[in-house]
Amino acid sequence: MNTPALEPWQWPESHWRGLVNRVRAGRSFKPASWPNGARFAVALSFDSDHETNELRDGGESIGKLSHGQYGARQGVPRILATLEREGVPASFYVPAVTALLYPEEQRAVVAAGHEIGIHGWIHERNSVLPEAAERDLMLRSADTLETITGVRPVGIRTPSWDFSPNTLAITREMGLEYDSSLMADVDCYELLLDGEPTGVIELPVEWMRDDAVYFNMNRFSGLRPYTPPEAVFDIFRRELEAASREGGLFQLTMHPHMIGYRSRMWIIEELIRHARSLGGAWFATHAQVVRHVRSAC
């Protein structure tokens, strides 16, 4: 006879403490200063999911796949042109299947001086994977990106920021320098695993600093978010200005198939210009930020 599962209010303290303490924020890695006398750091990032958002759930919708293809045909070229025009580096997190579909795109990203990081195999959800499968996919993803670009990734962003109880241990085993999937702070911090320091730095994300929250939609569900670009810019701008005042980090997550439209690209351009107008902005890839805070703290 199966024993009924306990309700959360019935959990013993050891159980809920174990859940909370599996992966935890450790000491802060907010530096006292930034390179070249800068007052704050700006780390722009783009998740090049493309068709994998549909493929990862076994979907076969031609319409949704075409939306993903927009990210490759229009989104990434527009983003790269903007970054080149403004002279700003960025980080791109790329599922291995995206890299296999568009190898020349990834080589162009690296050739332009940007970073490519791990973003899963097919944008899978880590929390539903057996440990062995998660490890295999993370390793194969890193190998695929290195084979295509000639550069071994040093950081990971889990697909959909979905973090399993095993993700951090695998990240540490792989020797990765950082993760960018969790939300315990606005500045970098070290990740603890079962209370012990791992040496892996977290460069935190947040849903309010993600374009998908405001622009994504699914016509077959109740998901219909749409926020005018002006309002999205205002939210991002306020986060940027707070980072400037605090001498901290402004991190932003965007998607080529969402931000890469003509009516939205101006958000990136204006944020870059506004950051410069504040004075003392250091634009860097996520890897550059992590390496600086590690050396400075």
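The values are calculated or read from the model by the stated rules, or taken from the named source; none is laboratory data. Bear in mind the structure is a predicted one, so any value in this text is a computation, not a measurement. Positions of Cβ are backbone-derived with ideal geometry, glycine not excepted, and every protein chain shown enters the neighbour counts.
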Just checking, how many residues over the range 104-143 are part of a helix (DSSP H, G or I), of a type outside the set (Asp, Glu), surrounded by fewer than 22 Cβ atoms within 10 Å (Cβ to Cβ) and more than 16 Å from the chain's Cα centre (by Cα)?
12
Only listed residue being more than 19 Å from residue 251 (Cβ to Cβ), touching a helix residue (DSSP H, G or I) at 6+ places or on another chain (Cβ under 8 Å), small (Gly, Ala, Ser) and touching a residue at least 12 places away in the same chain (Cβ under 8 Å), chosen from 142, 99, 90
99
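So in the range 64-87, with the set limited to residues that are among the hydroxyl-bearing types (Ser, Thr, Tyr) and within 15 Å of residue 254 (Cβ to Cβ), which one is surrounded by the most Cβ atoms within 10 Å (Cβ to Cβ)?
Among those residues, the one meeting the criterion is 82.
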Out of all the residues in the range 9-24, which are aromatic (Phe, Trp, Tyr) and either assigned to a helix (DSSP H, G or I) or surrounded by fewer than 11 Cβ atoms within 10 Å (Cβ to Cβ) (or both)?
9, 16
Residue 52 being surrounded by 14 or more Cβ atoms within 10 Å (Cβ to Cβ), under 19 Å from residue 180 (Cβ atoms) and modelled with pLDDT of 95 or more:
yes
Only unsatisfied item for residue 58, checking (1) part of a loop (DSSP other than H, G, I, E, B); (2) at pLDDT 95 or above, is (2)
When the residues of the range 161-175 are narrowed to those that are surrounded by fewer than 23 Cβ atoms within 10 Å (Cβ to Cβ) and either modelled with pLDDT under 95 or hydrophobic (A, V, I, L, M, F, W, C) (or both), which ends up nearest to residue 134 (Cα to Cα)?
170
Residues that are touching a strand residue (DSSP E or B) at 6+ places or on another chain (Cβ under 6 Å): list the helices (runs of 4 or more DSSP H) wholly contained in the range 151-252 that include at least 1 such residues.
167-173, 229-246
